[in-house]
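Q: Quick one: the structure is below, and I'll ask about it shortly.
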Amino acid sequence: MDILKIGFIGCGNHASGNLYPHISKIPEIELLGCCDLVEEKAKNNAEKFGAKAWYTDYEKMLDNEDISAVFVVGQPHMHTELGIACLEKGFHVYTEKPTATNLADAKKMADVAEKTGKQTQVGHMLRHGPATKLAKEIMASDEFGNPIFLESKYFVPGPRSAKPDWDAPTLDWAYMLVQAVHPVDWARHIMGDVISLSCKKGLGKNGAVSYVVAVDFASGAAGLINMTSSAPFVVAELEAVGDAETFLHIDNMIRISYQRERRKAPKVTDYGRREAGYYHEVQDFARCILNNEPTYPTFLDEYKALLICQAIVDSIESAQVVSVPQA
């Protein structure tokens, strides 16, 4: 079996809790080095997850280890700066979302990826969960018909103020970067490009927000992207309707039901563990590179998702329908 040899930059809570544990279980990946500015974190992760070396200087890791791909997982500025640096040094790159805190930097990352010809992927686990993969297969089948409606729902605890450390001067843009980009990317993955939208915003006295976004897809389908920062736990759901009187529903990323006849019970598949999306996003990154297939979502996909997020903010401010620029 071919193996993707990787170095991992960043040993924070998300990386150590949601990504490293899966890397050690994926047969297509070999973790050669861990890097973090905090020496103890880098050393602990190397020992815990089976890397042979640890570093506090990522450039030394890239120079010393025989790796072909790099994971960059930390704050957005780190994704931008080190993601570009690693691409320019000739490595395939995975970063967590968002790739950047503004459109200009996100576009630059996409441009550098295209220029270097290296593979890129952004950490949107919703795309990679087995329920989403099954939904894509069902919706591509003749029996589903033409998809005419989609709702992407994302209810989570979230930011209730601006995030200056992320260069997010407003609560709306902070929410777009921290949370909204997930259901936006999910909707776009399932239904394709969004060409226009309008948004209604709800605001609680304590800074909690909700957004109802009506979208027009390039395919001619309509949709909704509904979000809030005031849920006590994660609710990630997706519903789609086809013109053959078909319907599917993804419940919290793991359970999918599909119905195509009015009088018959839906077919239900339950994958049991929401964390499966993290495992599969990492495995898919490795498999795509090893098989010379396109990774997903790419840095360009992330730029397109952020264009939609910016259009949501523009619609809130203008109270108008807003066209989404097509990258």
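Read the figures in this text as sums done on the coordinates, not as results from a lab. None of these values were measured; they are calculated from a predicted model. Here the Cβ positions follow ideal geometry from the backbone for every residue, glycine too, while neighbour counts run over all protein chains shown.
Q: With the structure loaded, tell me whether Ile138 is within 30 Å of Thr246 (Cβ to Cβ), in contact with an Asp or Glu (Cβ under 8 Å, 6 or more places away or on another chain) and among the hydrophobic types (A, V, I, L, M, F, W, C) or whether it fails that test.
A: In short, no.
Q: From the list Ala168, Ala135, which one is in contact with a helix residue (DSSP H, G or I) (Cβ under 9 Å, 6 or more places away or on another chain), surrounded by 20 or more Cβ atoms within 10 Å (Cβ to Cβ) and within 19 Å of His79 (Cα to Cα)?
A: Ala168
Q: Can you find a residue in segment 279-289 that is in contact with a strand residue (DSSP E or B) (Cβ under 9 Å, 6 or more places away or on another chain), closer than 19 Å to Ile225 by Cα and crowded, with 22+ Cβ neighbours inside 10 Å?
A: For segment 279-289, residues in contact with a strand residue (DSSP E or B) (Cβ under 9 Å, 6 or more places away or on another chain), closer than 19 Å to Ile225 by Cα and crowded, with 22+ Cβ neighbours inside 10 Å: absent.
Q: Kindly list, by first and then second residue, each pair from a residue in segment 7-27 that is of a type in the set (Gly, Ala, Ser) to a residue that is exposed (fewer than 15 other Cβ atoms within 10 Å of the Cβ) and not in a helix (DSSP H, G or I), limited to pairs with Cβ atoms under 8 Å and residues at least 6 apart or on different chains.
A: Note: pairs meeting the criteria are Ser24/Gly50.
Q: Look at segment 258-316 and say how many of its residues are farther than 23 Å from His22 by Cα, aliphatic (A, V, I, L, M) and touching a residue at least 60 places away in the same chain (Cβ under 8 Å).
A: 9
Q: OK, next. Look at Arg262 and say whether it is among the basic types (Lys, Arg) and in a helix (DSSP H, G or I).
A: Considered against the rule, which asks whether it is among the basic types (Lys, Arg) and in a helix (DSSP H, G or I), Arg262 comes out as no.
Q: What's the number of the only condition in (1) touching a residue at least 40 places away in the same chain (Cβ under 8 Å); (2) within 14 Å of Tyr154 (Cβ to Cβ); (3) assigned to a strand (DSSP E or B) that Trp186 fails to meet?
A: So Trp186 meets the others, but not (3).
Q: How about segment 108-131: which of its residues are of a type in the set (Gly, Ala, Ser), over 9 Å from the mean Cα position of the chain (by Cα) and under 24 Å from Gly272 (Cα atoms)? I'd like the intermediate steps shown before the answer.
A: Pass one, segment 108-131, residues of a type in the set (Gly, Ala, Ser): 110, 113, 117, 123, 129, 131.
Still in the running and over 9 Å from the mean Cα position of the chain (by Cα): 110, 113, 117, 129, 131.
Scanning segment 108-131 gives Gly129, Ala131.
Q: Could I ask something else about it? Restricting to strands (runs of 3 or more DSSP E) lying wholly in segment 197-257: which have 2 or more residues that are out of contact with any Phe, Trp or Tyr (no Cβ under 7 Å at 6 or more places or on another chain) and buried (at least 22 other Cβ atoms within 10 Å of the Cβ)? First the steps, then the outcome.
A: Working: elements: 209-217, 222-228, 230-242, 246-251.
Passing ranges, in order: 209-217.
Q: So Glu293 clears everything in (1) outside any strand (DSSP E or B); (2) crowded, with 20+ Cβ neighbours inside 10 Å except one condition, right? Which one?
A: All conditions are met except number (2).
So that you can scan it fast, the table gives a plain yes or no per residue for (1) free of Cβ contacts under 8 Å to residues at least 12 places away in the same chain; (2) out of contact with any Asp or Glu (no Cβ under 7 Å at 6 or more places or on another chain); (3) of a type outside the set (D, E, K, R); (4) not in a helix (DSSP H, G or I):
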site	(1), (2), (3), (4)
Gln121	no, yes, yes, yes
Ala131	no, yes, yes, no
Leu134	no, yes, yes, no
Val156	no, yes, yes, yes
Arg160	no, yes, no, yes
